[in-house]
Structures are given as C-alpha cells and as structure tokens.
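Everything on this sheet refers to the single structure shown next.
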Amino acid sequence: MRLVDILKRICLAPGVSGFEDGVRRALKEVFLEEKMRDLTVDNVGNLIVKWGKGGLKIALMAHMDEMGIVIRDIDERGYLHFSSIGGLDRRELLGRRVVIFGNGRRLLGKKIDERKVIGVIGVKPVHLLKDEEARRIPDIKDMFIDIGATSRKEAEEFVRIGDIGVVEKHFTVLPANEELVSCRSLDDRAGCAAIIEVLRMLGAPGDKVVYAVFTAQEEIGARGSRVAAFTLEPHIAFIVDVTHAVGFPGLGARDYAPIEIGKGPAIAYGSPINVKLSEFLIEIAEELKVPYQIEYAAGRTGTDFDFVQIVSRGILATVVSIPLKYMHSNVEVVCISDIVNTAKLLSEAIKRLKEGDLGRFKPS
C-alpha cells in the first residue's frame with residue numbers, strides 16, 4: 001500500500017483523545033495487511049506493535065489521538081452546546097460541519113459507524129452582526145451545534161451529554177505539488193505513518209526489540225506515553241511528532257524557528273534533549289545525505305517526550321519532528337517526502353544501534 005494511502009486512511013479515522021477506537025482500528029488493519037501481528041492494546045488505549053527479539057529495547061512513539069468536542073448541554077430548543085477536547089482553534093469552528101458519535105435513545109447499542117450524527121456549528125449572519133460582534137470571535141462556550149432538532153427531547157433521540165465529536169475532515173492532495181497533502185489530524189497521524197514506514201523499511205525482525213507505540217491522550221496531557229514508557233522501559237526512545245513549519249505569509253523564521261516544509265525532519269537539540277542521541281541522528285543524516293533540520297528545545301517540547309524522558313530511572317530519548325503548516329487547523333499540511341525521510345533516518349539508526357552502544361549516549 002502506498003504511504004499516502006496509509007496516511008489518508010488513518011487521518012480520516014476518528015480518534016478524539018480518550019476515544020481513539022476508530023484510528024486504533026485503522027492502524028490495526030494496516031499492520032495486519034503488512035503481516036505484522038504482534039499487536040497489543042494497554043489499559044489506557046495505547047496500541048503497541050512489537051518487532052524483533054533481543055536485549056536492546058527501542059521505542060518509536062507517535063500519538064494517534066486528535067482534538068475534538070464533547071457535548072456539555074442540550075438546551076430546550078434542541079441546540080447542542082459543547083466544550084473542546086484539546087487545543088481547538090475557535091477561529092476555525094464557526095460554520096463548520098461536525099460529526100458526533102451519538103449515544104441517544106435511537107442509537108444505543110449500534111456500532112460506532114452507525115452512530116454518526118451530522119451537525120453544523122451555527123453562525124449569526126454577517127448582515128445582522130453588531131459592530132462589536134464583527135470585531136470578536138465568540139468563545140467556544142457561546143457556540144452551538146444544530147442537528148435539526150426542535151426540542152431537548154428530540155435531540156436526545158440522537159445525542160446525550162458526554163458524547164464526543166470531530167470537525168468533519170477532508171484529505172486533499174494539493175494540485176501544484178502532489179507531495180503536499182492537507183487534512184485535520186496530520187498532527188500526529190503523520191508521525192504514525194512515519195513509524196509504519198520505519199517498520200516496513202526494517203523488513204525482517206532483527207536482534208533487538210522495537211516497540212512501535214501509537215499513544216493515546218497526548219492532546220490532553222500526554223497520558224498514554226507515560227503509561228507506555230513505564231510499562232516497556234525502553235533503553236532508547238524516539239518520539240515522532242510534528243512541528244511548526246514557517247515560510248508562509250504572517251509566519252517567518254524570526255517568529256518561531258527556521259523550519260520549512262519539504263526540507264526533511266527536524267531533529268531536536270537543546271536542554272531537555274539527549275543531545276548525544278540527536279548527534280547520532282545528525283551523523284547518519286549527513287552520511288546518507290538525508291535532508292534534515294535542527295529544532296531548538298529550550299525547555300518543554302510540548303510532545304510525549306516531556307514525560308517519557310523522566311519515567312523510571314530516565315530514558316535516553318530525543319524528538320524527531322515532521323514539519324507541518326497550520327497546526328491545529330482544519331487544513332494542516334505536510335510533505336510526504338518529509339515523512340519518508342523521517343523513516344529513512346530512524347530505520348537506519350535502529351539498524352546501527354547495539355546494546356553495547358548505550359554508554360555513548362549517557363551523560364559522562
């Protein structure tokens with residue numbers, strides 16, 4: 001299966017933090033088709049794929065969850081009021097279609113694919129806005145979803161308080177450059193796709209254990225990665241996430257960092273990072289002529305790394321990020337070649353790592 005097809009498949013699967021069933025199922029299907037069957041799901045919902053046998057334990061981690069909404073109230077006219085799960089950008093929400101996975105009376109007991117309730121986030125017509133309304137973006141608490149119901153009782157046939165949903169997603173290949181694709185949830189389904197590609201590049205199991213960990217609940221506090229790291233206690237961990245790509249109107253290198261889309265993965269370097277591990281990756285990239293970029297890390301990285309590194313006695317870890325435009329929007333954009341080059345870099349690193357090498361990455 002082509003990498004872009006895998007990416008589309010997992011991007012379009014639902015997987016709100018804490019409710020990752022849909023994307024977890026899509027990932028399982030991909031691995032079963034790739035003849036990788038050593039799959040487990042832990043108590044918080046992480047999907048763990050084990051590859052190989054041996055003394056050295058290496059973890060590849062990417063979060064599979066995405067942001068979403070949760071229904072917090074249904075008013076007497078049948079409109080749904082909601083809160084965000086994760087860091088939704090409220091600028092993006094007005095006038096959007098949403099998919100709610102309903103547990104209303106009419107849908108109880110049905111499979112998740114049969115519980116989709118389509119709604120629209122209502123918006124006051126621009127013609128009727130007062131001056132002060134036109135100048136501000138409503139808070140999420142003031143937004144509402146219309147599912148066509150005219151009363152609370154009618155709405156409760158389809159949804160109930162606590163039901164979750166997602167903004168409707170579309171996967172698009174951009175016409176001027178077919179390497180560029182756009183979709184909500186590329187953060188971090190792009191990282192998930194990179195890890196799948198790593199395992200495909202590694203081929204037959206080797207003399208070390210590689211755990212491909214697709215973590216749950218990253219967007220609400222990196223909960224899954226903590227459990228996985230504590231359970232597996234890998235010697236080395238590579239966290240694969242996305243990072244902000246600049247170079248479009250309104251966001252330049254001076255605004256964040258000189259990371260650009262299409263120029264290879266960004267290798268983290270800085271205070272919290274195991275820089276010896278990052279330097280190992282840089283050496284490989286230079287030798288193999290894999291394009292790469294350096295991303296500074298002055299403190300927290302905002303990824304699963306922040307918690308994985310300090311589990312147990314400490315884990316040798318670094319972050320490899322895929323440049324992404326328009327993060328946390330409905331139109332996130334990545335470059336397929338960046339995903340492939342991330343996989344090339346990490347697969348070669350795994351091939352070269354040996355248990356006796358661990359000392360070179362420890363503080364001296």
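The values are calculated or read from the model by the stated rules, or taken from the named source; none is laboratory data. What you are looking at is a predicted structure, and each value in this text was computed from that prediction instead of being measured. Heads up, the Cβs are rebuilt from the backbone with ideal geometry, glycines too, and the neighbour counts pull from every protein chain shown.
A few remarks follow.
- Residue among 280, 238 that alone is at pLDDT 95 or above and crowded, with 23+ Cβ neighbours inside 10 Å: 238
- Qualifying residue in region 178-198 (condition: over 30 Å from residue 59 (Cβ atoms) and either at pLDDT 95 or above or out of contact with any Cys (no Cβ under 7 Å at 6 or more places or on another chain) (or both)): yes
- Scanning region 103-113 for residues that are of a type outside the set (S, T, N, Q) and over 14 Å from residue 21 (Cα atoms) turns up 104, 105, 106, 107, 108, 109, 110.
- The condition of being on the phi > 0 side of the Ramachandran plot and free of Cβ contacts under 8 Å to residues at least 60 places away in the same chain does not hold for residue 252.
- Residues satisfying the stated conditions in region 1-28, i.e. surrounded by 23 or more Cβ atoms within 10 Å (Cβ to Cβ) and small (Gly, Ala, Ser): 15, 17
- Selection from region 300-328 of residues that are out of contact with any Lys or Arg (no Cβ under 8 Å at 6 or more places or on another chain) and either in a strand (DSSP E or B) or of a type in the set (Phe, Trp, Tyr) (or both): 305, 317, 318, 319, 320, 321, 322, 324, 325, 326
- Tally of residues being surrounded by fewer than 24 Cβ atoms within 10 Å (Cβ to Cβ) and either hydroxyl-bearing (Ser, Thr, Tyr) or not in a strand (DSSP E or B) (or both) across region 58-74: 1
- Single residue of 49, 30, 23, 44 found to be of a type in the set (A, V, I, L, M), within 20 Å of residue 328 (Cα to Cα), touching a residue at least 60 places away in the same chain (Cβ under 8 Å) and in the same structural domain as residue 344 (by TED's automatic domain parsing): 23
- Check on residue 120, closer than 24 Å to residue 100 by Cβ, hydrophobic (A, V, I, L, M, F, W, C) and not in a loop (DSSP other than H, G, I, E, B): yes
- When restricted to residues that are at pLDDT below 95 and farther than 17 Å from residue 350 by Cα, region 300-325 contains 15.
- Evaluation of residue 185 against (1) in contact with a strand residue (DSSP E or B) (Cβ under 6 Å, 6 or more places away or on another chain); (2) on the phi < 0 side of the Ramachandran plot (one fails), failing number: (2)
- Some residue of region 287-299 being modelled with pLDDT of 90 or more, in a helix (DSSP H, G or I) and buried (at least 20 other Cβ atoms within 10 Å of the Cβ): no
- Residue in region 242-264 that is among the small types (Gly, Ala, Ser) and under 20 Å from residue 358 (Cα atoms) present: no
- A search for C-beta distances below 6 Å between a residue of region 321-333 that is more than 13 Å from residue 180 (Cα to Cα) and any residue that is at pLDDT 95 or above and among the small types (Gly, Ala, Ser), counting only pairs 6+ apart in sequence or on different chains, returns 321/266.
- Restricting attention to region 113-139, the residues that are closer than 17 Å to residue 168 by Cβ and either surrounded by 13 or more Cβ atoms within 10 Å (Cβ to Cβ) or at pLDDT 85 or above (or both) total 9.
Results for (1) in the same structural domain as residue 45 (by TED's automatic domain parsing); (2) touching a Ser or Thr at 6+ places or on another chain (Cβ under 6 Å); (3) not basic (Lys, Arg); (4) not in a helix (DSSP H, G or I), shown as yes or no for each residue.
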site: 239; (1), (2), (3), (4): yes, yes, yes, yes
site: 263; (1), (2), (3), (4): yes, no, no, yes
site: 269; (1), (2), (3), (4): yes, yes, yes, yes
site: 280; (1), (2), (3), (4): yes, no, yes, no
